[in-house]
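The values are calculated or read from the model by the stated rules, or taken from the named source; none is laboratory data. The model shown is predicted, which means the values in this text are computed figures rather than measured ones. Positions of Cβ are backbone-derived with ideal geometry, glycine not excepted, and every protein chain shown enters the neighbour counts. All accessible areas refer to the heavy atoms of the entire protein, side chains included, with ligands and DNA or RNA removed. Shrake-Rupley method; radii C 1.70, N 1.55, O 1.52, S 1.80 Å.
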Amino acid sequence: MNTAIVGINWGDEGKGRMVDLVSRDNDVVVRYQGGGNAGHTIINEYGKFALHLLPSGIFTKGVVNILGNGVALDCENLYKEIEEVRARGVDVTPENLKISDRASLLLPWHRDLDSLEEARLADKKYGSTKQGIAPFYSDKYSKKTVMAGELNYPEHLRSHLKDLLEWKNLTLKNVYGAPETTMDDLEKWIESYGEKIRPFVCDTGEYLKNATKEGKNVLFEAQLGALRDLDYGIYPYTTSSNTIAAFAPVGSGLPGAKLDKIVGVVKAYSSCVGEGPFTCEWFGEKAEKLREAGDEYGAKTGRPRRVGPIDIVATRYGVECQGATVIALTKLDVLSVMDEIPICAKYELDGKIIDRFPFPTLLDSCKPVTEYMKGWKSDISGCRKWEDLPKEARDYVLYVEREIGCKIGYVSVGPERDSIIIR
Ligand code: GDP
């Protein structure tokens, strides 16, 4: 059985906690896109973690975790993350972590270029996390980086990197007036980080093919959400890869795979990190209150997240893009502080009410149409059964389910692994 866990909105929906929960029913967990700019927060018996690149199944005994060919493989950050997790008692070995030999490497200059370009853009910046993701994917698609498997062929690797270095220095020097990189720098980088991750590199496509033949369950883990998808999101305020479930087979190493179950993760209210249109956004005191209640500060950057009520228009679109078969609604407990539960039900565009997510350029002209439902004003974090929830909370969940057109099968009422109601 193949399951994908994907974000329906702008990211930070709580995918990590869902993967952590569901990974115990799976044999393999694969990250298929994105890079170390993720911040999947997980709370379990080992403590609290913000995973950036490691798949969220890394804590589950017996699960094999894979970084697929679609990820931006940042050896430096990955190695540091492995060390951090190990220091807290979690086993990370070539047995439970496998890196695709076809994953392309994020090279030291990608991070530099990200910062240089954001600085050049000044007040027109995209809100990058400066982890080098956009320069990396640009280079991957221009065929100007190296694959992890090349670490096994040192002579070839050095000659390939030398060619890339010559080319990249033209950009660093002539476009940005930045210091050039030297082959010495790259040698140090290979030694310090490339060599450390090399033992994990293998033909993960072959591994996955065999695992599937043996009837093993595979879980595909996404980063960010549908609205940040390069092709379907709020371009250019998207990420530089495809976050949607349809890309999971391509980015994982199982291009012919069919997904049997797609769990779309939706937060009970909205949050968004960085720049770009965010129609349902709240400002001022009420935003601050919601941000505090939901602890909405970036796991990677610490930046305060922009917040607002659930956006039905954007969520319905996200559900369609993901082809979600079931929804996990997270952080319902955060709304317990509210007398009334706000809902961005529709948009107003040029005096007309619309319920279809518009072309990105039009989003700046859209205004939210807000409705309210009665709040429940009680602590629901201990609820474990649907019937345990107050009627008002159930009504809210049922309203969202009807409006977005997809069954809500999981309701999360706290960050801990078992703070969940399975319907
Ligand atoms: P991801 O990137 O989609 O995995 O999401 P993040 O980890 O960035 O953000 C989700 C945050 O919400 C994390 O801090 C989680 O611990 C927390 N969280 C997840 N589910 C719940 C929930 O149901 N209730 C509460 N209060 N917090 C939750």
remark   = Working note, the range 108-198: Cα radius of gyration (Å, one decimal) and Dmax (Å, whole number) are 13.8, 44
message = How would the range 351-423 be classified by its alpha-carbon gyration tensor: rounded, prolate or oblate, with rounded meaning a/c under 1.5 and the a/b versus b/c comparison settling the rest?
response = prolate
remark   = Charge dipole of the range 143-198 built from unit charges on the beta carbon (Lys, Arg +1; Asp, Glu -1), centred at mean Cα; most positive-end Cα among L151, L165, Y176 is Y176
query = Any idea what angle helix 391-404 forms with the longest principal axis of the chain, computed on alpha-carbon atoms, 0 to 90 degrees, nearest 10?
reply = 60 degrees
message = Run the lone-cysteine check on the chain: no other Cys C-beta under 4.7 Å from the residue's C-beta.
response = C75, C202, C272, C321, C366, C383, C406
Long-range HN-HN contacts of V29 with modeled amide H, under 5 Å = V64, N65, I66, L219
remark   = Taking 0.36 nm per residue of separation between K80 and D260 and subtracting their Cα-Cα distance, the length gained on full extension comes to 61.4 nm
task = At 1.4 Å probe size, with every protein chain present, just tell me what the per residue accessible area of the range 251-407 comes to in Å².
result = 45 Å²
task = Pairs to check: K80/K144; K261/K374; K352/K374; K98/K140; K61/K143. Give those whose C-alpha atoms are more than 30 Å from each other in this structure.
result = K261/K374; K61/K143
ask   = Averaged per residue, what accessible surface does the range 108-198 expose to a 1.4 Å probe, in Å²?
value = 56 Å²
key: Residue-wise HN-Hα coupling along the range 251-263, computed from phi with Karplus coefficients 6.51, -1.76, 1.60 (Hz; x: Gly, Pro)   = x, 9, x, 10, x, x, 5, 9, 8, 8, 9, 10, 8
request  = Output ³J(HN,Hα) for the range 155-160: one whole-Hz value per residue in order, computed from phi by the Karplus curve 6.51 cos²θ - 1.76 cosθ + 1.60 with θ = phi - 60°, and x for Gly and Pro.
outcome  = 5, 4, 4, 5, 5, 5
ask   = What is the range 63-121 by shape, rounded, prolate or oblate, if you read a ≥ b ≥ c off the alpha carbon gyration tensor as root eigenvalues and call it rounded for a/c under 1.5, prolate for a/b larger than b/c, and oblate otherwise?
value = oblate
message = Students often check this: by mean Cβ neighbours within 10 Å, which of 116-124, 305-313, 30-38, 81-89 ranks highest, and how do the rest follow?
response = 30-38, 305-313, 81-89, 116-124
ask   = Mind listing the Cα extents of the chain along all three principal axes, in Å, largest one first?
value = 67, 50, 37
query = How big is the shadow of the Cα convex hull of the range 322-387, averaged over all directions, in nm²?
reply = 6.6 nm²
query = Which order do peptides 227-235, 101-109 fall in by mean Cβ count within 10 Å, highest first?
reply = 101-109, 227-235
ask   = Given H placed 1.01 Å from N in the peptide plane, which residues other than close sequence neighbours of L106 have an amide H under 5 Å from its amide H?
value = L73, D74, C75
ask   = Could you give the dipole magnitude of the chain about its Cα centre, charging the beta-carbon of Lys and Arg +1 and that of Asp and Glu -1, in debye to the nearest 20?
value = 580 debye
key: Helical mean residue ellipticity (222 nm; -39500 (n - 2.57) per DSSP H run of 4+; nearest 500) of the chain   = -8500 deg cm²/dmol
ask   = Short version: ³J(HN,Hα) in whole Hz for each residue of the range 361-377, in order, from phi by Karplus 6.51 cos²θ - 1.76 cosθ + 1.60 (θ = phi - 60°), x for Gly and Pro, what are they?
value = 4, 7, 4, 5, 8, 8, 10, x, 9, 9, 10, 10, 10, 5, x, 10, 6
query = Ranked highest first by average number of other Cβ atoms within 10 Å, how do 47-53, 336-342 line up?
reply = 47-53, 336-342
request  = State log₁₀ I(q)/I(0) for the range 266-422 at q = 0.15, 0.20 Å⁻¹ as given by the Debye formula over alpha-carbon point scatterers of equal weight, solvent excluded.
outcome  = -0.81, -1.43
